[in-house]
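Here's the structure, in structure tokens; my notes come after.
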Amino acid sequence: MSAIAIIKSIKNTLTKNELEIADFLLQAPQVIKTLSSKELAAAIGVSQSSIIKFSQKLGYKGYLEFKLAMVEAVNAKVVDTDWLGNISLKDNFEQLSQKLLASKNNVLSETSSLNNVRNIDEAVKAIMAANRILVSGIGASGLVATDLSYKLQKVGKAANAEPNGHIQIPYCSTFGKKDLLFCISESGNTSEVVEAATVAKKNGAVVISLSSFGSNKLNNVADIKLYTVAEKSSVRLSSILSRTSQEFVIDLLFIVLTQSSASSRKMVEKSNKAIKSFIEKR
């Protein structure tokens, strides 16, 4: 999981001191290679303890582990872009196309780096073992939830997506240990989704979250956490980038599901044959 991607993902949740550290490292990530925690603190103008706490907030044991992760991220040479922030009204079609393409490529790369193999495997195993699956999402996330439910249906799972929170919550109250709730929320704080997760968890169901990296209400409830890249609020254009990130994760899950299970592959083949047969009859 890229240290740089983690910093970007939690940037909107940082304190003033932490934001100064984050901005410095994102603008000049290569300088950390030669700096001790004391030297980095002096360069930024914060205390040494602030550097240590920042490292730990990102999930590292201390500064040394964080420093090594940053060096690895720099060496990976991930190309940075300004997402959609550099698109202007004066851009022509070619400029718009290139900037959007670069933004999407960057988001896909960062989303991939945020999700490790262990969490993906745990999610796949939980999905395969579940009797009933509800995919929870509101608004734009609800569209992604519907897409995931269709994919899970193709592999033979009893999965449904419900966009109405007032229906999700009572349905989750009927869940048990063999059921699963898959929650999608960019912020991780969508009240209806968080409440559905809380109710499902209380009844013993497995809860999977697909949300921004870091601490939020949904991640705090979830048993298995998958991550997306959260958009900057100032450059939101119909949740284009967050939806790109979310779709990447659910597509990845679908592919791993079909790769790891012969029965899932057979179900997909049956689904495709059924559609093909219907089309040929017309």
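The values are calculated or read from the model by the stated rules, or taken from the named source; none is laboratory data. Keep in mind the model is a prediction, meaning the values are calculated, not measured. Methodologically, a virtual Cβ is constructed for each residue, glycine included, from the backbone with ideal geometry; neighbour enumeration extends over all protein chains shown.
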Problem set entry | Residues that are of a type outside the set (S, T, N, Q) and either under 21 Å from the mean Cα position of the chain (by Cα) or outside any helix (DSSP H, G or I) (or both), drawn from the range 251-266 | 251, 252, 253, 254, 255, 256, 257
Seminar exercise, completed: The condition of being touching a Lys or Arg at 6+ places or on another chain (Cβ under 7 Å), assigned by TED's automatic domain parsing to the domain that holds residue 223 and either touching a residue at least 60 places away in the same chain (Cβ under 8 Å) or polar (S, T, N, Q) (or both) holds, among 203, 189, 164, 160, only for 189
Problem set entry | Qualifying positions in the range 90-139 - β-branched (Val, Ile, Thr) and either part of a strand (DSSP E or B) or more than 23 Å from residue 200 (Cα to Cα) (or both) | 107, 111, 117, 133, 135
Problem set entry | Count of the range 195-206 residues which are outside any loop (DSSP other than H, G, I, E, B) and surrounded by fewer than 24 Cβ atoms within 10 Å (Cβ to Cβ) | 5
For this session: Filter the range 224-239 down to the residues that are buried (at least 17 other Cβ atoms within 10 Å of the Cβ) and part of a loop (DSSP other than H, G, I, E, B), then identify the one that is modelled with the highest pLDDT.
Result: 229
Seminar exercise, completed: Taking first residues from the range 56-77 that are closer than 14 Å to residue 33 by Cβ and second residues anywhere that are loosely packed, with under 14 Cβ neighbours inside 10 Å, the pairs with Cβ under 7 Å that are 6 or more apart or on different chains are 71/33; 74/30
For this session: Return the total of residues in the range 82-124 being buried (at least 16 other Cβ atoms within 10 Å of the Cβ) and either modelled with pLDDT under 85 or farther than 17 Å from residue 255 by Cα (or both).
Result: 14
